[in-house]
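The values are calculated or read from the model by the stated rules, or taken from the named source; none is laboratory data. None of these values were measured; they are calculated from a predicted model. Quick reminder, even Gly has a Cβ in these numbers, built from the backbone with ideal geometry, and neighbours come from all protein chains shown.
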Amino acid sequence: MMTVWTNEDKDELLNLYIEGHSLKIIARKIDRSTSAINKALHRFKIRTLAKEHQKQQLACVLLNKSTVRTFQQMVHAYKKQTKNYRRHWIDMEQALFLLMRKGHVVEKRTKDCQFQDIDLRIDGKPFTPEQVSVLINQQREQECMSPLYIKGVSV
């Protein structure tokens with residue numbers, strides 16, 4: 001009888017594989033055969049996920065060791081470390097939503113729908129759209145994530 005892989009099983013398999021455990025040890029810890037582990041690694045694309053995780057960790061280490069001072073230098077350093085670099089564009093609404101998800105209190109008042117005349121307050125302090133971009137990307141840099149670009153704000 002085949003045992004179904006739950007999401008928890010998949011997460012545990014991914015974590016053990018990323019930690020570098022052998023298939024035998026993973027099989028013992030998850031109580032499955034080494035053949036089942038090997039098939040699951042392929043079926044759930046865990047080997048690919050592990051490689052991506054390693055790339056992100058390497059980029060994180062390289063960024064933390066470098067003397068990245070400005071946003072543009074951070075982007076340039078990230079481009080050097082990432083072969084398949086793509087810019088991630090978001091609009092201002094998505095940017096504000098990301099800040100709210102991170103626990104910031106966001107207040108906005110606009111006089112038109114194009115954000116041409118906007119009054120932004122984040123945690124009670126006035127912010128320009130450019131400052132919103134910097135705040136988001138400083139947080140993303142700390143989490144070793146790629147930078148985001150806000151439409152109409154970022155160049």
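A few remarks follow.
- Residue 97 meets all of the listed conditions (1) closer than 22 Å to residue 148 by Cα; (2) modelled with pLDDT of 60 or more; (3) part of a loop (DSSP other than H, G, I, E, B) but one, namely (3).
- Qualifying positions in segment 131-148 - at pLDDT 85 or above and closer than 14 Å to residue 93 by Cα: 132, 133, 136
- Filtered by the rule that a residue be touching a residue at least 24 places away in the same chain (Cβ under 8 Å) and more than 21 Å from the chain's Cα centre (by Cα), segment 14-35 gives a lone residue, 32.
- Every residue from segment 26-54 that is among the hydroxyl-bearing types (Ser, Thr, Tyr) and at pLDDT 90 or above: 33, 34, 35
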